[in-house]
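K.L.:
Have a look at this one.
The values are calculated or read from the model by the stated rules, or taken from the named source; none is laboratory data. Worth saying up front: this structure is predicted, and the values here are computed from it rather than measured. Methodologically, a virtual Cβ is constructed for each residue, glycine included, from the backbone with ideal geometry; neighbour enumeration extends over all protein chains shown.
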Amino acid sequence: MYYLTASYRRDGASVFGAQNKWGNFGAVGAAWRISNESFMDSADFLDDLKLKLSWGKNGNQGIDPYGTLSTVSAGSSGGVFYPFGNTGSPSYGIKQQMIGNALLGWETTEAWNVGFESSWLNNRLFADLDVYFSKTYDQIFNRAIPSMTGFNEMKSSMGEVKNRGVEMTLRSVNIQTPDWNWSTSLTFWLNRNHLSRLYGEDLDGDGKEDDDIGNNLFIGQSIHSIYGYKQDGIVQQNDVDYIKANGVEAGTPKYVDMDGDGVITVDDRIIIGNKDPRFKLSLGNTISWKNLELYFLFTGTFGGNGYFQESNTPAYMAGRADFFSANNIYVPYWTEENPSDKYPAAWFTGDSKFIGLQSRSYVRLQDLTVSYTFNQPCIKNIGINNLKVFFTGRNLATITGWKGGDPELGNILTSGTYPVATTLSLGANISF
């Protein structure tokens with residue numbers, strides 16, 4: 001049995017420049033239920049198998065109304081103040097606030113997807129797989145520009161970003177009897193991206209397209225790369241040469257001298273991490289015995305080796321001793337008596353180089369529910385059709401090395417953020 005679908009659309013958006021308001025997007029998909037073919041009759045272990053292949057384009061506006069236009073501000077809230085004589089009454093002019101870019105148009109993603117859906121062993125095992133390859137071009141972002149232009153940034157579009165990934169789901173019926181039932185579901189996600197083209201500029205004349213260091217965009221690397229100085233522990237009192245060459249004190253972060261000139265300069269910056277995880281997993285189980293049921297779900301993010309928070313001075317490493325002492329959180333800051341090679345001194349508040357990379361890998365017991373459904377003969381006598389009582393817990397336990405709030409969000413632990421909350425609830429579903 002064969003399936004074929006196709007679609008085409010032409011979309012317009014007034015938010016774009018005059019020459020790029022319209023985009024054309026098409027898609028086509030095909031599937032083959034190979035398990036229905038006669039040559040598969042001998043495969044008794046296979047219940048159903050559908051192969052699928054699709055290609056398509058999709059568009060994203062990716063910009064707010066008037067986002068391609070230059071904007072101005074006026075009045076006391078953002079205009080320019082002009083004093084005239086001794087009148088004492090201020091006059092305000094109009095100031096250009098944002099530089100426009102009328103060339104911006106649709107962000108376009110073109111993707112291939114190949115995979116299968118299947119069931120095996122008399123519908124006891126289900127396996128679904130999707131492998132995708134995509135490229136996104138003309139992706140809109142805020143590009144940092146030289147301040148001599150009078151602006152710090154403008155909306156621009158990068159050349160092309162390629163993605164490839166795998167999504168896999170396994171579901172199994174482990175036990176199935178009149179009294180006992182146990183089923184398991186495992187989901188796996190993996191994605192890799194890299195920037196294949198940018199602006200098409202070669203300003204240094206080396207024959208290769210230039211990176212955009214100011215926006216952390218590097219040809220051939222992930223768009224979520226972390227660029228900066230590689231940390232090598234903490235400066236100790238016996239690092240005499242390093243202290244003298246760089247004018248720092250013991251107790252501050254120490255960086256790797258990549259070019260070997262003895263001094264930490266901008267030439268020592270490298271790609272030191274990646275905000276992307278290596279993969280994600282979720283594992284769910286449902287176990288029931290007669291009318292009693294237990295459900296629990298584990299989720300996790302693994303790898304990455306360079307997740308980091310947006311602050312250059314993480315709270316647990318940046319002179320927040322007052323906050324942590326008030327909340328009974330012990331942090332072994334560097335001191336002369338405790339020469340830590342992990343945590344800087346409590347007085348360290350940043351040096352424009354420190355990033356403070358941490359792994360956001362974690363495993364979490366996301367959901368747990370215990371429920372009991374009463375037999376109808378027991379409850380119909382009191383006028384109830386259905387009665388189910390349950391206890392539910394969310395975010396019950398998290399295993400992680402992240403020193404902050406929630407590793408899933410990547411927020412840091414400050415007076416305005418807190419660890420992820422554990423929620424417990426008791427309830428009932430009743431119908432009369």
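K.L.:
Being under 29 Å from the mean Cα position of the chain (by Cα) and modelled with pLDDT under 90: is that true of Q309 here?
P.N.:
yes
K.L.:
Looking only at strands (runs of 3 or more DSSP E) that fall completely inside region 221-265, which ones have 1 or more residues that are surrounded by fewer than 17 Cβ atoms within 10 Å (Cβ to Cβ) and of a type outside the set (G, A, S)?
P.N.:
Because the criterion is at least 1 residues that are surrounded by fewer than 17 Cβ atoms within 10 Å (Cβ to Cβ) and of a type outside the set (G, A, S), the strands (runs of 3 or more DSSP E) in region 221-265 that meet it are 231-234.
K.L.:
Just to be sure I understand, how many residues within region 143-177 are of a type in the set (A, V, I, L, M) and closer than 30 Å to K290 by Cα?
P.N.:
So the answer is 3.
K.L.:
So for region 215-231 (the condition being within 19 Å of P344 (Cα to Cα), among the hydrophobic types (A, V, I, L, M, F, W, C), touching a strand residue (DSSP E or B) at 6+ places or on another chain (Cβ under 9 Å) and without any contact (Cβ under 8 Å) to a residue 60 or more places away in the chain), does at least one residue qualify?
P.N.:
no
K.L.:
Could you list, in sequence order, all residues of region 12-47 that are in contact with an Asp or Glu (Cβ under 6 Å, 6 or more places away or on another chain) and farther than 30 Å from D138 by Cα?
P.N.:
Passing the criteria: only S35.
K.L.:
Is it the case that some residue within region 350-367 is surrounded by fewer than 17 Cβ atoms within 10 Å (Cβ to Cβ) and in contact with a Ser or Thr (Cβ under 6 Å, 6 or more places away or on another chain)?
P.N.:
no
K.L.:
Select from region 27-60 the residues that are surrounded by 14 or more Cβ atoms within 10 Å (Cβ to Cβ) and among the small types (G, A, S) and write down the one among them that is nearest to V131 (Cα to Cα).
P.N.:
Here the residue is S54.
K.L.:
Conditions: (1) at pLDDT 90 or above; (2) closer than 30 Å to D179 by Cα; (3) touching a Leu at 6+ places or on another chain (Cβ under 9 Å); (4) of a type in the set (A, V, I, L, M). L426 meets all but one. Number of the miss?
P.N.:
It is condition (3) that L426 fails.
K.L.:
Sticking with this structure for a sec: Under 7 Å by Cβ, and 6 or more places apart or on different chains, what pairs join a residue from region 368-385 that is farther than 12 Å from F432 by Cα and of a type in the set (S, T, Y) with one that is at pLDDT 70 or above and not in a strand (DSSP E or B)?
P.N.:
Every condition considered, the pairs that remain are Y372/N291; T373/N291.
K.L.:
Within region 6-84, considering only strands (runs of 3 or more DSSP E) that don't extend past its boundaries, which have at least 3 residues that are at pLDDT 85 or above, touching a Lys or Arg at 6+ places or on another chain (Cβ under 8 Å) and under 30 Å from E107 (Cβ atoms)?
P.N.:
22-33
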